[in-house]
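Working notes for the structure below.
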Amino acid sequence: QVQLVESGGGLVQAGGSLRLSCAASGSIFSTDFMGWYRRAPGKERELVSTITRGETNYADSVVGRFTISRDNAKNTVYLQMNSLKPEDTAVYYCYLRVVRLARSDYWGQGTQVTVSS
C-alpha cells in the first residue's frame, strides 16, 4: 500500500522561504511521476511542479522561485519555495502516479502554507 506523508508547511512572511517534503512508502520506482499541487481558498486545485526521470516542470507563477527535487534513495520529493508571496497561500498536496498493470494516483494529506504580507 502506497502512502504519502508531507511535512514542512507553515506560516511565513512575504519574501521568506519554506521547504516541503513528501515521503512515499510502499512499492515506488524512481521513474514514478511525482509532483506538487495546491488549492487556494475559493480556487481550483492547480499544478505547481512535477518531476519524473529527472525532468522538471513548473507553473508559470512559480518559475524562478520554486525548485522541485527528488531523493530516490529516500523516495522523497521536495519543494523548495523561495521569495514567497501572499498569493502562494494554499494547501499543498503531494502527488504520485504509479503505472504498473494499471495506473494509480496517490495524494498526500495536504500541508498548509500561509504567506503573510
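Look through the range 80-91, keep the residues that are out of contact with any Phe, Trp or Tyr (no Cβ under 6 Å at 6 or more places or on another chain) and assigned to a strand (DSSP E or B), and return whichever of them is surrounded by the most Cβ atoms within 10 Å (Cβ to Cβ).
Checked the range 80-91; the qualifying residue surrounded by the most Cβ atoms within 10 Å (Cβ to Cβ) is A90.
Against the definition (closer than 11 Å to Y95 by Cβ, modelled with pLDDT of 95 or more and among the aliphatic types (A, V, I, L, M)), how does V12 come out, yes or no?
Values: closer than 11 Å to Y95 by Cβ: no; modelled with pLDDT of 95 or more: yes; among the aliphatic types (A, V, I, L, M): yes.
Judged against the criteria, V12 is not a match.
Working only within the range 32-58, note down all residues that are open to solvent by less than 60 Å² (accessible area, probe 1.4 Å) and part of a loop (DSSP other than H, G, I, E, B).
Passing the criteria: D32, A40.
For the range 59-71, enumerate the residues that are in contact with a Ser or Thr (Cβ under 9 Å, 6 or more places away or on another chain) and either of a type in the set (S, T, Y) or in a loop (DSSP other than H, G, I, E, B) (or both). Spell out how you get there, then give the answer.
The first filter runs over the range 59-71 and keeps only residues in contact with a Ser or Thr (Cβ under 9 Å, 6 or more places away or on another chain), leaving 59, 62, 64-70.
If the condition is that a residue be in contact with a Ser or Thr (Cβ under 9 Å, 6 or more places away or on another chain) and either of a type in the set (S, T, Y) or in a loop (DSSP other than H, G, I, E, B) (or both), then A59, G64, R65, T67, S69 are the ones that fit.
Just to verify a result, which residue in the range 97-110, among those that are out of contact with any Leu (no Cβ under 6 Å at 6 or more places or on another chain) and part of a strand (DSSP E or B), is most open to solvent (accessible area, probe 1.4 Å)?
Among those residues, the one meeting the criterion is R103.
Please count how many residues of the range 58-89 are at pLDDT 95 or above and at positive phi.
Of the residues in the range 58-89, 2 are at pLDDT 95 or above and at positive phi.
Is it the case that the range 59-79 has a residue that's closer than 22 Å to L11 by Cβ, surrounded by fewer than 11 Cβ atoms within 10 Å (Cβ to Cβ) and touching a residue at least 40 places away in the same chain (Cβ under 8 Å)?
Taking every residue of the range 59-79 in turn, none turns out to be closer than 22 Å to L11 by Cβ, surrounded by fewer than 11 Cβ atoms within 10 Å (Cβ to Cβ) and touching a residue at least 40 places away in the same chain (Cβ under 8 Å).
Among the residues of the range 98-117, write down those that are of a type in the set (D, E, K, R) and under 19 Å from E44 (Cβ atoms).
D105
Check whether at least one residue in the range 12-30 is without any contact (Cβ under 8 Å) to a residue 24 or more places away in the chain, open to solvent by less than 70 Å² (accessible area, probe 1.4 Å) and over 20 Å from M81 (Cα atoms), and report yes or no.
No, because not a single residue in the range 12-30 is without any contact (Cβ under 8 Å) to a residue 24 or more places away in the chain, open to solvent by less than 70 Å² (accessible area, probe 1.4 Å) and over 20 Å from M81 (Cα atoms).
Taking the range 1-11 only, how many residues are more than 16 Å from the chain's Cα centre (by Cα) and open to solvent by 60 Å² or more (accessible area, probe 1.4 Å)? Give the derivation first.
At the first step, the residues of the range 1-11 found to be more than 16 Å from the chain's Cα centre (by Cα) are 1-2, 11.
Imposing the further condition that a residue be open to solvent by 60 Å² or more (accessible area, probe 1.4 Å) reduces the set to 1, 11.
Residues flagged as more than 16 Å from the chain's Cα centre (by Cα) and open to solvent by 60 Å² or more (accessible area, probe 1.4 Å) within the range 1-11 amount to 2.
The values are calculated or read from the model by the stated rules, or taken from the named source; none is laboratory data. What you see is a predicted model; the values in this text were computed from it and never measured. Quick reminder, even Gly has a Cβ in these numbers, built from the backbone with ideal geometry, and neighbours come from all protein chains shown. Ligands, DNA and RNA are stripped out before the accessible areas are found, and what is left, the full protein with its side chains, is counted by its heavy atoms. Shrake-Rupley method; radii C 1.70, N 1.55, O 1.52, S 1.80 Å.
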